[in-house]
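Enquirer: I have a structure here, written as structure tokens, and I will follow up with some questions on it.
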């Protein structure tokens, strides 16, 4: 019975949809998080009668649905003010560039940075933030990040001393970036190679970019997915009852 397997495929697809929505809702307070949208496509069709020159339409039946992609929406999140001079946020399409312990290059929108004992700017996981010039910072006090990423600090005599400049990367297709967790992305063939450019990007000090998840929209999607899952389960029950009727037929 085709309807049994078609409805089961619908239940599986809606489970993936609910999992995606749950992931979005769980990251409402994650700095720089970008919501994910589940996309679907219909499966193959069983052709019962193909259209011919004498028939305007054919006769076929679809075999269900399957997840096609999980698309990351890189909309700007709300800028939230903080009191930490090492908190940075980005307005625009750029990413901070960080280097892992093994030299791997990652990209992030999370600008909640710290200073290590050597004066390097690092992420919460200890990944080093890439800075042109590479000079270590003397401390978190009196540090200034300009809107184009230039880093300066005031020495004991009140003179402004340049340190370097934050490296900002951009991609032709940011939705193709590979998610690796910990608010980090990695480039892929789909995203293309990173372009080091701060064109169209503004850096804000004393602020962090919040998640771009909209709670009301996600709740509406969650209710819709739940209702769709329920309808598919009803179709499974109906198919089961029809099979039961067939099995109990008496001559």
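Enquirer: Any residue that is surrounded by 12 or more Cβ atoms within 10 Å (Cβ to Cβ), part of a loop (DSSP other than H, G, I, E, B) and within 20 Å of the chain's Cα centre (by Cα) - is there at least one of those in region 55-71?
Expert: So far as region 55-71 goes, no, none of its residues is surrounded by 12 or more Cβ atoms within 10 Å (Cβ to Cβ), part of a loop (DSSP other than H, G, I, E, B) and within 20 Å of the chain's Cα centre (by Cα).
Enquirer: Okay, moving on. Out of the residues in region 197-220 that are at pLDDT below 95 and surrounded by fewer than 14 Cβ atoms within 10 Å (Cβ to Cβ), which is nearest to residue 169 (Cα to Cα)?
Expert: Once the filter is applied, the top-ranked residue is 197.
Enquirer: What's the number of the only condition in (1) under 29 Å from residue 104 (Cα atoms); (2) at pLDDT 95 or above that residue 172 fails to meet?
Expert: Status for residue 172: all satisfied but (2).
Enquirer: Now for a different question. If a residue must be exposed (fewer than 14 other Cβ atoms within 10 Å of the Cβ), over 30 Å from residue 3 (Cβ atoms) and in contact (Cβ under 8 Å) with a residue 12 or more places away in the chain, how many such residues does region 33-53 contain?
Expert: 0
Enquirer: Working only within region 1-32, note down all residues that are buried (at least 21 other Cβ atoms within 10 Å of the Cβ), out of contact with any helix residue (DSSP H, G or I) (no Cβ under 8 Å at 6 or more places or on another chain) and within 30 Å of residue 81 (Cβ to Cβ).
Expert: Across region 1-32, the qualifying residue is only 32.
Enquirer: Kindly indicate whether any position in region 221-241 is within 16 Å of the chain's Cα centre (by Cα) and crowded, with 18+ Cβ neighbours inside 10 Å.
Expert: No, every residue in region 221-241 fails to be within 16 Å of the chain's Cα centre (by Cα) and crowded, with 18+ Cβ neighbours inside 10 Å.
The values are calculated or read from the model by the stated rules, or taken from the named source; none is laboratory data. What you see is a predicted model; the values in this text were computed from it and never measured. No Cβ is skipped: glycine too gets one built from the backbone with ideal geometry, and neighbour counts run over all protein chains shown.
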